[in-house]
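The values are calculated or read from the model by the stated rules, or taken from the named source; none is laboratory data. In this text, all values refer to a predicted model and were calculated from it rather than measured experimentally. Don't worry about glycine lacking a Cβ; one is built from the backbone with ideal geometry, like all the others, and counts go over all protein chains shown. In case anyone asks, the SASA skips ligands and DNA or RNA and just uses the protein heavy atoms, side chains included. Shrake-Rupley method; radii C 1.70, N 1.55, O 1.52, S 1.80 Å.
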Amino acid sequence: MLYIRYILSMMIILVATGCAAPQTVRPSVSQKAIAHEAIEQQKLLYKRSKNDSARVAHISFPLLTRNAEFCGKKVIAMDGITAWTIDLFKGAEQRAIRELYGLGLPVTISNVIAGSPAAKAGLKTGD
């Protein structure tokens, strides 16, 4: 009988304490902080994208220009730059681009490939 009471008591304690599990409380974050973080995440994305594009251009430019004789008449001029304006980006993205690169309406050079005609002419990223 004592054994049954002990088991019954333990079961009641387990059931009662099982309902008092810790509750996860969601942190309160302001909409302003969320918007700021979204801009910061966009900046990271654009930095990475710009760096990746520059890397591809720096690798491909020498390959494309040094092998032009194999292309016959399918050759186009390559100046070795990429350029952009703020209009290339949608509304919410424009703020991140402006803050990151100071980009506006005038055309701005985003990348100059070393050894290209643009580099030899003295053009620089940001011009």
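Remarks
- The stretch 88-127: C-alpha gyration tensor shape, a/c 1.5 cut-off, then a/b vs b/c: prolate
- Of the trypsin sites (Lys or Arg not before Pro) found in the stretch 1-83, those that fall in a DSSP loop while having at most 16 other beta-carbon atoms within 10 Å are Lys73, Lys74.
- One decimal place: the segment Ala92-Ala38 gains 18.5 nm when fully extended, by the rule 0.36 nm per residue minus the C-alpha distance.
- Among the lysines of the chain, pairs that are 8 or more positions apart or on different chains and have alpha carbons within less than 24 Å of each other number 10.
- Angle in degrees between helix 91-101 and the longest Cα principal axis of the chain, rounded to the nearest 10: 70 degrees
- Excluding ligands, DNA and RNA, the accessible surface per residue across the chain is 80 Å² with a 1.4 Å probe.
- Coordinate range along principal axes, alpha carbons of the chain, Å, largest first: 100, 38, 22
- Label-to-label distance for Ala114 and Leu64 is 1.9 nm, based on points extended 7 Å past Cα in the beta-carbon direction.
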